[in-house]
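This report refers to the structure that appears directly beneath it.
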């Protein structure tokens with residue numbers, strides 16, 4: 001039976017049914033949680049938010065219909081004080097960077113013990129932040145690497161600049177591969193490196209940041 005002090009409404013957002021039900025069941029054992037909803041897409045959550053609000057949001061950043069961090073921004077616009085915990089399988093450097101910059105109250109990798117989800121949600125409910133040990137470790141390692149080689153890390157290589165210019169012209173990965181005589185995997189690697197170095201969220205944001213920093217000029221040649 002729920003604790004009489006239970007007062008918080010929570011919602012879990014994940015497009016995998018088993019994960020969704022598992023997380024809902026997991027949170028159901030927390031004394032502070034009164035009611036839990038479960039949805040599979042970002043737009044489904046936004047539709048629910050038009051009718052009701054939640055105190056705690058536990059969500060994945062890889063959703064089938066929208067970028068998870070765009071969803072975080074949408075939640076913050078409607079509920080600045082909402083508590084948001086991200087539960088993700090993505091442990092890449094660029095994802096860690098984006099999560100570190102996002103206004104979230106906790107991050108737990110799906111490879112972590114489920115107990116960390118409980119700790120993160122409990123901390124968020126108490127107005128505190130919680131990041132699983134693996135996230136903290138990778139973030140510390142990334143910060144240490146960037147602090148030691150900041151200039152080199154932020155400067156695009158000549159080949160990355162070639163890819164950047166091609167992206168600015170609107171070429172696809174396949175087209176860039178043919179244009180530069182490199183594999184599609186290599187194009188994607190350069191693309192991800194560029195996103196990381198410029199701290200960009202998407203291709204449009206990347207081009208705008210590159211223009212602002214002088215790496216691109218108009219018209220694109």
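In table form, for the structure just shown:
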| quantity | calculated |
| --- | --- |
| Segment 122-135, residues that are part of a helix (DSSP H, G or I), touching a strand residue (DSSP E or B) at 6+ places or on another chain (Cβ under 9 Å) and over 12 Å from residue 84 (Cα atoms) | 134, 135 |
| Top-ranked residue in segment 135-168 [being more than 30 Å from residue 180 (Cβ to Cβ) and buried (at least 17 other Cβ atoms within 10 Å of the Cβ); ranked as modelled with the lowest pLDDT] | 139 |
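The values are calculated or read from the model by the stated rules, or taken from the named source; none is laboratory data. This is a predicted model, so every value here is computed, not measured. Backbone-built Cβ (ideal geometry, glycine too); neighbour counts: all protein chains shown.
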